[in-house]
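Peer 1: Pasting in a structure now, in structure tokens, and then I'll have a few things to ask.
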Amino acid sequence: MKKIVVLTGAGISAESGLKTFRDADGLWEGHDVMEVASPQGWKNNMELVLKFYNDRRKQLLEVKPNKAHLAIANLEKDYKVTIITQNVDDLHERAGSTNVIHLHGELLKARSTFDEDLVFDWTKDINVGDFCEHHHQIRPHIVWFGEAVPLIDKAIEEVSIADIIMIVGTSMQVYPAAGLINYKKRNTPIYFIDPKPSMSKKTMEGVEIIAERATVGVPIAVEHLSRI
């Protein structure tokens, strides 16, 4: 079976109703991103940060995977599939995908501020005073700006052995995720699905542009795959 690596970003989740990206004015749900997604923001106002992610978590539990998530999950019937996502939602898993690398963490998990490897499944609010077994505050299991991306080496390894790469709903402009494409094997075909593609055949070898939103473009890419 050929190996497909799918890189996904906010665009795929947006069609399920999740607003997971910053607005044009640089604000994230009305907040400066550094207020709610940085270690300094956490230090300055823990209550604000917890409320921000509590609200995002409630919204996530109300939405469902869309056609793009389902089409990607369905690829597992014919290919070895690894998803590398910048999204913190679980919509890929709910659609049926079984191998998902979350570069930026997971909204439905929490972790200890004492031991970052102590991670819990978490679907309710996190409140000030919710402690881990070591009596330290727990926090969202999210990779904030300025923090290391623990799974980036695993993601690089997956890209380096891919036979086919599909990019969905991400501009590939934000690092370190944007740098992943540099680790692909030579002549690896790339399907780039985005209504406003930032990539072209002039800028990337072997890329096929599908200038559509995820729910339209992914089924088109899957149809193309059946011909190769």
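The values are calculated or read from the model by the stated rules, or taken from the named source; none is laboratory data. For clarity, every value in this text was computed on a predicted model and none was experimentally measured. Neighbour counts run over all protein chains shown; Cβ positions are idealised from the backbone, glycine included. We work out accessible area using only protein heavy atoms, side chains counted, and drop any ligands, DNA or RNA first. Shrake-Rupley method; radii C 1.70, N 1.55, O 1.52, S 1.80 Å.
Peer 1: Can you name the number of the only condition in (1) among the charged types (D, E, K, R); (2) assigned to a helix (DSSP H, G or I); (3) over 19 Å from residue 147 (Cβ atoms); (4) modelled with pLDDT under 95 that residue 25 fails?
Peer 2: (2)
Peer 1: Mind listing whichever residues of the range 90-107 are more than 15 Å from residue 73 (Cα to Cα) and open to solvent by less than 30 Å² (accessible area, probe 1.4 Å)? Spell out how you get there, then give the answer.
Peer 2: The initial filter retains those residues of the range 90-107 that are more than 15 Å from residue 73 (Cα to Cα), namely 102-107.
Within the range 90-107, 102, 103, 105, 107 meet the criteria.
Peer 1: Ok, one more. Here are some residues: 165, 181, 156. Which one is open to solvent by less than 80 Å² (accessible area, probe 1.4 Å), of a type outside the set (S, T, N, Q), within 17 Å of the chain's Cα centre (by Cα) and under 18 Å from residue 78 (Cα atoms)?
Peer 2: Values: 181 fails: under 18 Å from residue 78 (Cα atoms); 156 fails: under 18 Å from residue 78 (Cα atoms).
Matching residue, one of 165, 181, 156: 165.
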